[in-house]
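First comes the structure, then the notes that go with it.
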Amino acid sequence: MEPFIHCENLVKIYKVAELEVVALQGLDLTVQRGELLGIVGASGSGKSTLLNILGGLDRPSAGQVVVNGRNLLKAPNAELDTYRRREVGFVWQQTARNLVPYLTAQENVALPMTIAGLGWREKRAWTNELLEAVGLWEHRQHKLAQLSGGQQQRVAIAVALANKLSLLLGDEPTGELDSTTAHEILALLREMNGRYNLTTILVTHDPQIARAVDRVVTIRDGRTSSETIRRVAEVEKALTKATPFYDELVVVDSAGRLQIPPELREATGIGDRVTLEATDGGVLIRPADLKRDA
Ligand SMILES: Nc1ncnc2c1ncn2[C@@H]1O[C@H](COP(=O)(O)OP(=O)(O)O)[C@@H](O)[C@H]1O
Ligand SMILES: [Mg+2]
């Protein structure tokens, strides 16, 4: 089956005055339909840039990015607009970013449907279902300002889902919440992912995200450097604090490049040259003894 998202050698260069900032430098990423993926990485590593490109808010400078069969590098502007409005939902760190403060939770959720021209019957049914799904039924008549940060984020998730999208993108969606509420919001995103078969990508700098998702990709300097895959698929176990098993994998990109984690480089004295040796079933990477060669 075709992957839902396929990025290959993705490059994004921002030009600021005379300076060029390379935010993504040859990033590879494949995401399956319905997957719940976490992306972690230090501040400035390119996480938001990647998310904005996947959501059609920004265009890459070079490389390949295909989402749901659509080539986002080559799509005409009108197609990109339609894609962004109909197929993608965003949840941001600032919980209220996509919300109207003087409307109630219910009115906020219904608004995108009104804009999309949904009939009132359908609109009412889908609004009610979403309010129920995100746990806000009791608070549906409350104005946004009367809701807590976590409740506002629940509204934001329902608003993001209002257009029956296929891709949900969260940029630090729990960044401004306390840890208990953050936990609840992650659990909710997980539930929505399963219930509506949404491909979901959550960006965070919180390494704890690994507990709530299927797979975590680490971005370092604008490239995917490693990934952690949950071996036990029962996320609920992890959420109730039983220890899940993880396989920590290093990404080998389409050109055969890989990143050796700094700790390992330090521990083994690997500098800027190594020797590779095929062993029984693997490859042995050793620091090159440059003095000997000289
Ligand atoms: N609009 C922009 N103009 C210029 N530089 C940008 C812009 N957006 C991001 N950058 C730069 O690109 C790099 C990656 O940024 P970003 O994707 O926001 O990282 P992250 O979300 O991982 O913190 C940083 O060096 C940042 O300063
Ligand atoms: Mg960011």
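The values are calculated or read from the model by the stated rules, or taken from the named source; none is laboratory data. Everything numeric here is computed off the predicted structure, so don't read it as measured data. Note: ideal-geometry Cβ built from the backbone for every residue, glycine included; neighbour counts use all protein chains shown.
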For this session: Kindly check whether there is at least one residue in the range 32-49 that is out of contact with any strand residue (DSSP E or B) (no Cβ under 6 Å at 6 or more places or on another chain), in a strand (DSSP E or B) and away from ligand 2 (no atom under 16 Å from the Cβ).
Result: no
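With a cut-off of at least 1 residues that are over 25 Å from the mean Cα position of the chain (by Cα) and surrounded by 17 or more Cβ atoms within 10 Å (Cβ to Cβ), name the helices (runs of 4 or more DSSP H) lying wholly within the range 59-152. So that I can check it myself, show each step before the final result.
Numbers: elements: 77-87, 105-115, 120-133.
Once the helices (runs of 4 or more DSSP H) in the range 59-152 are filtered for at least 1 residues that are over 25 Å from the mean Cα position of the chain (by Cα) and surrounded by 17 or more Cβ atoms within 10 Å (Cβ to Cβ), what remains is 105-115, 120-133.
From the list Trp92, Trp126, which residue is aromatic (Phe, Trp, Tyr) and modelled with pLDDT of 95 or more?
Going through Trp92, Trp126 in turn, just one is aromatic (Phe, Trp, Tyr) and modelled with pLDDT of 95 or more: Trp126.
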Seminar exercise, completed: Of those in the range 172-190 that are outside any helix (DSSP H, G or I) and buried (at least 22 other Cβ atoms within 10 Å of the Cβ), the residue nearest to ligand 1 (Cβ to nearest atom) is Pro173
Problem set entry | Evaluation of Asn193 against (1) surrounded by 17 or more Cβ atoms within 10 Å (Cβ to Cβ); (2) under 18 Å from Ile39 (Cα atoms); (3) without any contact (Cβ under 8 Å) to a residue 40 or more places away in the chain (one fails), failing number | (3)
Exercise. Mind checking which pairs have a first residue in the range 41-62 that is under 16 Å from Glu79 (Cα atoms) and a second that is within 7 Å of ligand 1 (Cβ to nearest atom), Cβ under 8 Å, 6 or more apart or different chains?
Worked result: Asp58/Thr49
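Considering only residues of the range 163-185 that are farther than 14 Å from Thr95 by Cα and among the aliphatic types (A, V, I, L, M), which is modelled with the lowest pLDDT? Can you show your working first?
At the first step, the residues of the range 163-185 found to be farther than 14 Å from Thr95 by Cα are 163-168, 179-180, 183-184.
Still in the running and among the aliphatic types (A, V, I, L, M): 165, 167-168.
Values: Leu165: 88, Leu167: 97, Leu168: 97.
Taking the candidates together, the pick is Leu165.
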Exercise. Of the numbered conditions (1) modelled with pLDDT under 85; (2) more than 27 Å from Leu177 (Cα to Cα); (3) of a type in the set (S, T, N, Q), Thr268 satisfies every one except a single condition; which is it?
Worked result: (1)
Problem set entry | Residue check, Val21 modelled with pLDDT of 95 or more and within 16 Å of ligand 1 (Cβ to nearest atom) | no
